[in-house]
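These notes are about the structure you will find just below.
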Amino acid sequence: MAVLKAVAALVLALLAVAGVLRLTPLWDRLLSPGDLRKVDFATLELASTPNQFLMCPPDLCRAATPHAESPVFDRPAADLRRALETVALATPGVEKVAEEGDTLYLVARTPLMRWPDWITLRVIDLGDRRSTLAAYGRAVYGRRDFGANRARIEGWFADLP
């Protein structure tokens, strides 16, 4: 019985320390997303862990099987990119880390514990005022993301003006 009480006290102490740290900028440094993780969708290979979500148009992601096919939007690529970036950055815990041409690199943190996920969005011009995109979200830590990346990316599409 004394061992159980000691373990319970230790767990409570660790939770209290984590709770205090969570409220400080130190927490984000402890749970760093690491260096920029560039993505080449044409050669991207998915890991075997279920902590990622890939949405791709047909024929772009040749080395991986996407979890979903990208929708086609009846709007120019520049307009889609602006709208998508606006919606994504309006999400609490999301920050733009870099951009290269038609590709955005974002870090999204979960609301409660602020676990970092990398999100790569590439907008593709289809011509004739139509566009699509490739999106890849992956957890930095842990084996599972409990569908967070899929929900986040699909939610952004649903929220597009």
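Bear in mind that the values in this text are calculations on the coordinates, not laboratory data. These numbers were taken from a predicted model, which means no experiment stands behind them. Ideal geometry is used to build each Cβ from the backbone, glycine not excepted, and the neighbour counts take in all protein chains shown.
For ALA2 and ALA47 in one chain, what is 0.36 nm times their gap in residues minus the Cα-Cα distance, to one decimal in nm?
11.8 nm
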> So for PHE41, PHE146, PHE53, fewest C-beta neighbours within 10 Å to most, what's the order?
Replying inline: PHE146, PHE41, PHE53
> What angle do you read, to the nearest 10 degrees and between 0 and 90, between the alpha-carbon axis of helix 2-22 and the longest principal axis of the chain?
Replying inline: 40 degrees
> Given R₀ = 22 Å, FRET efficiency for ARG62-LEU89 by Cβ-Cβ distance, to 0.05?
Replying inline: 0.15
>> Quick check: the angle from helix 77-89's long axis to the longest principal axis of the chain, C-alpha only, nearest 10 degrees?
In response: 10 degrees
>> What whole-number volume per residue, in cubic angstrom, does the convex hull of the C-alpha atoms of the chain give?
In response: 128 Å³
> How many nm is it between the label spots at LEU12 and GLU100, if each spot is 7 Å from the Cα in line with the beta carbon?
Replying inline: 5.1 nm
> Just from its helices, what would the mean residue ellipticity at 222 nm be for the chain, if runs of 4 or more DSSP H residues each count -39500 (n - 2.57) and the sum is divided by every residue, rounded to the nearest 500 deg cm²/dmol?
Replying inline: -10000 deg cm²/dmol
> Expressed in nm to one decimal, what extension gain is obtained for the pair LEU126 and GLU154 from 0.36 nm per residue of sequence separation less their Cα-Cα distance?
Replying inline: 8.0 nm
> Going by how many other beta carbons lie within 10 Å of each one, how would you line up TRP27, TRP118, fewest first?
Replying inline: TRP27, TRP118
> Taking only Cα atoms, what is the 0 to 90° angle, nearest 10, from helix 148-158's long axis to the longest principal axis of the chain?
Replying inline: 40 degrees
